[in-house]
1. If the requirement is being surrounded by 13 or more Cβ atoms within 10 Å (Cβ to Cβ) and basic (K, R), which of these qualifies: R59, R130?
2. For segment 6-42: of the residues being among the β-branched types (V, I, T) and under 13 Å from S108 (Cα atoms), which is modelled with the lowest pLDDT?
3. Return the residue satisfying two criteria in turn: it lies in segment 39-56 and is among the acidic types (D, E) and closer than 12 Å to L113 by Cβ, and of such residues it is surrounded by the fewest Cβ atoms within 10 Å (Cβ to Cβ).
4. Quick one: would you say N3 is touching a residue at least 24 places away in the same chain (Cβ under 8 Å) and surrounded by 11 or more Cβ atoms within 10 Å (Cβ to Cβ)?
5. Can you name every residue in segment 102-111 that is part of a strand (DSSP E or B) and of a type in the set (A, V, I, L, M, F, W, C)?
6. Go through segment 102-111 and count every residue that is surrounded by 15 or more Cβ atoms within 10 Å (Cβ to Cβ) and touching a Lys or Arg at 6+ places or on another chain (Cβ under 9 Å).
7. In segment 53-63, what residues are in a helix (DSSP H, G or I) and closer than 24 Å to S38 by Cβ?
8. Given the options A114, A99, A69, name the one that is buried (at least 16 other Cβ atoms within 10 Å of the Cβ) and outside any helix (DSSP H, G or I).
Amino acid sequence: MLNHGITSTDPGSGNAPLGAARFIDKYVFPHGELPHISLALKDMQTAGLEALDVECLRRHYARTLGLWAQNYEANSDTLRSLVDETTYRIWRIYLAGCAHAFSQNWVSLYQVLACKSGTDEALDPTPWSRAYMYS
């Protein structure tokens, strides 16, 4: 399995500062949670999965969100014609705020590749080295 998830950078899974979590919970993702990566890994292990690879994409996602926010601004007239003003403003703040949160290391993004613990070596999808990534 591949888990692609946004996480808290606080080991206690605390909220991002400046009211960001309250804003997101109220307007974008009600009842959402941002666990620390350690909790996601623990829950995977408890469920009988073995983490084969963990990759942090925080810096990449900060850049991606920054580009999305720029694109949002560049297309504001079109977007405003598609949604009401409140929705337009919520997503404008959300994209710019998330870009900032990722760049400040308040939140992160991880991809965790896992398989069933004890999987037969023949079924393990993980290469023996990372050489394939650099050729």
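1. Step by step, each of R59, R130 is checked, and only R59 is surrounded by 13 or more Cβ atoms within 10 Å (Cβ to Cβ) and basic (K, R).
2. Taking the candidates together, the pick is T9.
3. E55
4. yes
5. If the condition is that a residue be part of a strand (DSSP E or B) and of a type in the set (A, V, I, L, M, F, W, C), then V107, L109 are the ones that fit.
6. 6
7. Passing the criteria: R58, R59, H60, Y61, A62.
8. Going through A114, A99, A69 in turn, just one is buried (at least 16 other Cβ atoms within 10 Å of the Cβ) and outside any helix (DSSP H, G or I): A114.
The values are calculated or read from the model by the stated rules, or taken from the named source; none is laboratory data. Remember, predicted model here, so these are calculated numbers, not experimental data. Note that we place each Cβ from the backbone using ideal geometry, even for glycine, and neighbour counts take in every protein chain shown.
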